[in-house]
Every structure is written in structure tokens, then in C-alpha cells.
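Q: The following block contains the structure, expressed as C-alpha cells.
The values are calculated or read from the model by the stated rules, or taken from the named source; none is laboratory data. Source: prediction; values computed, not measured. Methodologically, a virtual Cβ is constructed for each residue, glycine included, from the backbone with ideal geometry; neighbour enumeration extends over all protein chains shown.
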Amino acid sequence: MRPVVAAFLLVLLVITGAMVLPGCQPNDSLPFAAEVDEPHYRRGTQLLRSGRAQEALEAFLKVVEKRGGEAPESHMECGILYLQHIKDPVAAIYHFRKYLALRPNSPQASRTRELIDTATKEFARTLPARPYEGQVKMLDMMESVERLQKENYQLKEQIAQLRGLPVPARSFGAPSPPSPAAAAGEDTAQAEPDPEPVAAPAIPIPATRPTPAAVQSPTRPPAPAVQHPIRPATPAAAAPAPAATGRVHTVQKGESLFSISRQYYGNGGRVNDIVAANRGVLSDRSSPLKIGMQLKLP
């Protein structure tokens with residue numbers, strides 16, 4: 001009888017042990033441990049301190065993958081690594097937004113938004129240049145080329161006049177800026193086209209053109225042509241240089257040929273005379289004036 005009871009008790013103990021032992025085994029359905037306690041998170045932190053950014057990023061990404069994306073701290077670390085070390089602003093914005101979605105009221109939310117703005121600006125820098133930027137540079141370059149062409153023409157003109165050669169024709173296509181008198185509509189009767197590329201003699205030859213004194217009084221000796229110049233009957237004829245009065249005007253800032261003529265003669269009708277008296281530095285009435293330029297006044 002006793003052996004039967006002992007056997008029954010033994011079977012009862014085995015069944016009870018089989019029921020109790022499974023309760024001591026780990027259950028996969030229990031909640032995750034803290035994110036910062038994950039082995040991969042700890043390893044990522046250590047690698048980041050050692051300066052091994054790429055390996056640290058891989059460790060944090062493993063935490064995100066293991067926790068099914070529910071890893072805000074790992075998302076934050078990944079975003080910073082992508083922005084500051086990997087130089088991938090698009091991936092950084094993704095992880096920063098995931099952090100805000102998981103922790104919208106976190107104390108780090110404001111800083112995370114600032115990081116998103118920084119990543120957005122970094123991404124904008126990688127885009128092609130704005131459409132108008134190249135056009136602005138092209139306009140600046142064209143203005144520089146035009147200015148150099150004008151200066152080159154003026155130098156050639158001065159050299160030709162010193163050597164007594166014909167004045168070279170303009171080779172640039174941009175027209176010269178109008179003078180202030182032409183822009184205001186004044187002195188239009190005396191406007192004349194640009195000079196032809198044939199240099200007119202600075203001093204008229206008495207043998208080819210009689211002076212007014214010789215026509216009016218045969219008994220008087222003809223006066224020098226330089227002292228008594230006459231203006232041509234038609235604009236097409238070459239005009240002699242007007243006699244200088246000994247006055248010299250120094251060009252000031254903002255002055256023009258029209259304003260200088262009005263200052264000394266009371267009107268702008270002597271612009272062409274001033275140009276003719278200063279053929280060495282002025283080619284026509286639209287020639288630019290430089291500050292400090294010395295102009296002879298007829």
C-alpha cells in the first residue's frame with residue numbers, strides 16, 4: 001500500500017513542476033527594455049565617442065530596426081550623424097521628423113525643429129544655381145566688355161590723331177550714350193552725326209580757302225586763318241578748330257559738355273565748338289568726360 005501512495009505522490013510532484021516551471025521562463029510578449037539600455041544603443045554611443053561615426057550610425061539603425069521604429073533617441077542620434085558627419089540632409093530630416101512624431105512634447109522638440117531648418121538649408125545649397133543668377137553675371141560681363149571697347153577706341157583715336165592718321169571707325173555695336181543736351185531735347189539744331197573716319201586738318205590752309213578779310217578788302221593783307229576761323233556753310237564740310245580764348249576748364253563730377261557751355265556762354269549752343277577745340281581728347285559731343293580733364297574754351 002505504501003509503495004502505491006509514494007508512486008502517486010511522485011507523479012503529482014512531476015505534474016506540479018511541469019506547470020510551475022514554464023512560468024519562470026522569459027516571455028517574449030513582455031514590454032521592451034529601455035531604449036538606452038539596448039546593447040546596440042550602448043555600442044553606438046561608445047563608437048560615437050571614439051569618433052567612428054559610420055559604425056555608430058549602423059548601431060543606432062539596428063536599434064531602430066529592432067524596435068520597429070519606436071526608438072526616438074536612436075532617431076535623434078541618426079539624424080545628427082547624417083547631418084554633421086555623413087552630410088546627408090535628406091536622411092537627417094527624416095529621422096528628426098520621426099523623433100518629433102514620437103516625442104512631440106519633448107524638451108528637445110524645439111532644438112529638433114531648428115535642426116530640421118538647418119538640414120533644409122544644407123539641402124538647398126546642393127541644388128543648381130537660381131535661374132537669374134547666370135543672367136546677372138552675363139549682364140555684368142557684357143557691361144565690362146563694352147566699357148573696355150570704348151576705352152580701346154578712345155586710345156586708338158588719340159594715337160591716330162598724334163600720328164596724323166585717319167581716326168579708326170568704331171568696332172563695337174553698342175551706341176554711345178546721348179549727351180545731357182540731346183536727352184533733354186535742347187540744342188537739336190546743332191546736333192551732328194559722328195565724325196567720319198577721315199581726320200580733318202587742325203589748321204586750314206589759306207591757299208585752298210580765302211579768309212573773310214581777303215574777300216571784303218583786297219588791299220588789306222589776309223589775316224591768319226587761325227585767328228579768324230569761319231564756320232562751314234554745310235554740316236558736311238570739315239569745320240576748322242575755333243580759336244582758343246586762353247581759358248581752360250577743369251571737368252568736375254557730374255558735369256557735361258552742355259552744362260559747361262551753359263556755364264560760360266549762357267546756353268548750350270557752343271557744345272560743338274568746345275568739341276572742336278579739344279579734338280585731342282574729345283571725338284564728338286557724346287564723348288564721356290573724366291573728372292580732372294582739362295578742356296580749352298573757344
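Q: Please find, among K98, K137, K121, the residue that is in a helix (DSSP H, G or I) and at pLDDT below 80.
A: Unique residue meeting the criteria: K137.
Q: Further, regarding this structure: If you scan region 90-111, which residues turn out to be within 24 Å of S50 (Cα to Cα) and either basic (K, R) or surrounded by 21 or more Cβ atoms within 10 Å (Cβ to Cβ) (or both)?
A: A92, H95, F96
Q: Determine whether L127 is of a type outside the set (D, E), over 30 Å from L289 (Cα atoms) and modelled with pLDDT of 90 or more.
A: no
Q: Taking into account only those residues within region 252-278 that are assigned to a loop (DSSP other than H, G, I, E, B) and surrounded by fewer than 17 Cβ atoms within 10 Å (Cβ to Cβ), which is modelled with the highest pLDDT? Step through it out loud before you land on a result.
A: Within region 252-278, the first condition is being assigned to a loop (DSSP other than H, G, I, E, B), and the residues that meet it are 252-256, 266-270, 278.
Filter again for surrounded by fewer than 17 Cβ atoms within 10 Å (Cβ to Cβ), leaving 252-254, 266-267, 269.
Numbers: Q252: 90, K253: 86, G254: 85, G266: 86, N267: 85, G269: 84.
Applying the filter and picking the extreme gives Q252.
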